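Take a look at the structure set out below.
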Amino acid sequence: MIGEYDLKTGLAGPYGASVSGDGIQFCIPYDEDREVILKIYDKSGKERSVINMNCHRVAGSVHSVLVKGPDADDISYSYLVNGSPFRDPFAKKIITSSKWGDFKKRGRDERCLVYNGGYDWKGDAPLKLKYPDVIGYMLHVRGFTKHSSSGVEGRGTFYGVISKIPYLKELGITQIEIMPAYDFNECEEIKSYKSSMTDGAGMITGTAHRINYWGFTEGSYFMPKPQYTYGNDPVTEFKDMVRLLHASGIELVMQFYFPQGVNRNLITECLRFWVKEYHVDGFHIYGNGIPFDVIATDPVLSDTKLYYERYIAEGIFSANVPCTNRFLAEYNQDYPVDIRRFLKSDEDMLHKFLFRQRCNPEKIKVINHITSYDGFTLNDLVSYDYKHNEANGEDNRDGNSYNYSWNCGAEGNTRKNAVLSLRLKQMKNAFCLLLLSQGSPMFMAGDEFMNSQGGNNNPYCQDNEVTWLNWKSNKRSDELLAFVKALIKLRREHPILRMDKEATLIDGKSCGYPDISYHAEQAWYPQMDTHIRHIGIMLCGYYAGLKDDDFFYIAANMHWEDHDFALPKLQKGMEWKYCLDSATGNNDDYKIYTDEGGNRRIHVLPRTVLILTGIKSAVKKEKRNGRRKS
């Protein structure tokens, strides 16, 4: 040891730097064949102590030292591994002078700070919303408010998200999912290639710089990203964001990417930390080889939402552990494919659409989404047949070539009113299919007001107006936004549209109606042939839960031709009423009529979703009210 502080060997945890008794403990695991040097600095950055951690092995590969003397707020520290700078993988706070995209300063002079955890949460705690109450909204912290049209202070930061909380609340959102916001290095160096004229092989000519905009890379998993901070304190600003979101009834789910080389034990440690110290409500986890059998049975995380693409349920539930997580959910990638194909009128998609629409498993829930960060925005989904990723510098070879999109008659920007009107209707249809599905809906920030990325379906390196949300509005975007608000409001007000368990298609209550039933030109007799692209879905309000709800009839006509739908007969004293539609938005355009056989029917326009509610007859209500008054 070289320096002025008293030392003694510490304990085998917690990892990182923490205040412990009468000193500060530095604890780090590493292999014995490496030399690890700890350096401690004062406020001015002057080196005060140099400690060989190899002399302080406590258990296995864990090395820990307790340093007595300095105040936690007065020091910083760094490590050298075999003579090279190495950031503490368990660091929870750093000093950095680099701004976002600063290739010259990034990674230099980034000393770690001791995390003390002090914050007044004012009684806050994770919300623990039930899945039927989740209306999800995925955003990129920087791109969400970076554009000047966002009109907020602190654009592109956690503070910018705070400024948009009133908007999120008005929209009806109950959960935001943020793309990686732990500290990662967005400044990447890549090899630059030049094509050979002879054999076509690439020749390395040097290195180039590229922004990793999304952040799916290994990082410092225990701290908020300083470059997403408006003020000088990432820890406090992030905690402020969580607390104020919770005060508005909005959960926060964080995305984490753990590549294969990351120690599997670090993952659980990381998730626990963010729950305990930052009150986050859940995690969307990416990576292969994730130890979900351990994570899903961790007692600290037992009521924390955990999202993944596909779970192996046997590895989680077979042990019958009493604290198994109650909030597991899948981001099943089959949902967007099937819904997109039904939306654009592909053949033989009716069975798949109906399965996705009612899918709502008991143990592992589903997060339904049509768009995500790695694909077209909703506006681009109805505006482009092909990806347009030329700006990424990979000759348009990157990104998914199978988007199941349809440009509605013109590729990209157009002034044709017929095309623009059809696109608007298709976006409304998409939101209907999503928000009227029984799983928990999630959509990308900006989809509700027609945000576009110009046909780029893989903007991983675009830190510009391609990925920054443009908040400027026009007549069509305002119409879509109002429609989405109305749909979200409808879903939140009616529990039958978001049941807590999967529909069975049987009359389990002996009330004369199954929980969900299908209809077409003839009530109770759906047509399911491969060429059929329309269906009537009835939801019986008696299956809503503790309290009865209205009946709903959803006429989903994705055919390019109009169709008449037969309406099931309701109980005495009830009648069908217009609620909402994706075409005209006008009640007068949808008149229920009686055919020659005495059946009630309604005419539905091409590529249109129409919603009807079955409610108590207004005439009956008036009579009852009159009797009460007399």
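Nothing in this text is a laboratory measurement; each read-out follows from the coordinates by a stated rule. Please read all numbers here as calculations on a predicted model, not as lab measurements. Please note: Cβ atoms are built from the backbone with ideal geometry, for glycine as well, and neighbour counts cover all protein chains shown.
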About the Cα centre of the range 228-323, what is the dipole size in debye to 20, counting +1 per Lys and Arg Cβ and -1 per Asp and Glu Cβ, all else neutral? 80
Mind checking which of 75, 98, 36 is farthest towards the positive end of the range 2-113's charge dipole, using Cβ charges of +1 (Lys, Arg) and -1 (Asp, Glu) about the Cα centre? 98
Translational diffusion coefficient of the range 520-571 at 37 °C, 0.692 mPa s, Stokes-Einstein with Kirkwood Rh over Cα pairs, in µm²/s as a whole number. 267
Taking a crude spin-label model, label points 7 Å out from Cα along the C-beta direction, the residue 189 to residue 504 distance in nm is 6.4
Cα centroid separation, the range 119-190 to the range 303-381 (Å): 22
Given N residues in the range 2-113, what is its alpha carbon radius of gyration divided by 2.2 N^0.38 Å? 1.04
Compare the peptides 347-359, 564-576 by average per-residue count of other Cβ atoms within 10 angstrom and give them in order, highest first. 347-359, 564-576
In Å, the C-alpha Rg and Dmax of the chain are 28.1, 99
Treating only Lys and Arg (+1) and Asp and Glu (-1) as charged, each at its beta carbon, one finds that the chain has a dipole about its Cα centre, in Debye to the nearest 20, of 2100
Report the antiparallel proportion of the DSSP beta bridges in the chain as a percent, rounded to a multiple of 5. 75
For 369, 279, which order do you get if you count the other beta carbons within 10 Å of each Cβ and list the fewest first? 279, 369
Taking the number of other C-beta atoms within 10 Å as the exposure measure, put 47, 170 in order starting with the fewest. 170, 47
What is the calculated FRET efficiency for residue 489 to residue 391, with r their C-beta to C-beta distance and R₀ = 35 Å, to the nearest 0.05? 0.40
If R0 = 41 Å, then residue 71 and residue 149, at their Cβ-Cβ distance, give a FRET efficiency to the nearest 0.05 of 0.35
So which DSSP H runs in the chain come out at 15 Å plus along the axis (Cα) with average Kyte-Doolittle of at least 0.5? 417-435
Backbone HN-Hα couplings from phi across the range 59-74 [Karplus 6.51/-1.76/1.60, Hz, Gly and Pro as x]: 6, x, 9, 8, 10, 8, 9, 9, 9, 9, x, x, 7, 4, 7, 9
Quick check on the chain: helices-only [θ] at 222 nm, where DSSP H runs of length 4 and up contribute -39,500 (n - 2.57) each and the sum goes over total residues. Nearest 500, please. -6000 deg cm²/dmol
Quote to one decimal, in nm, the extra length available between residue 529 and residue 233 on full extension: 0.36 nm per residue of separation minus the C-alpha distance between them. 100.5 nm
For 92, 416, 305, order by how many other beta-carbon atoms lie within 10 Å, fewest first: 416, 92, 305
Cα extents of the range 501-629 along the three principal axes, largest first (Å): 53, 35, 29
Would you work out the relative contact order for the range 501-629, in percent, from Cα pairs under 8 angstrom that are 6 or more residues apart? 23
Can you tell me how much longer the chain between residue 265 and residue 475 gets when fully stretched, taken as 0.36 nm per residue apart minus their C-alpha distance, in nm with one decimal? 70.4 nm
Unit charges on C-beta of K, R, D, E only; dipole of the range 52-164, Debye: 420
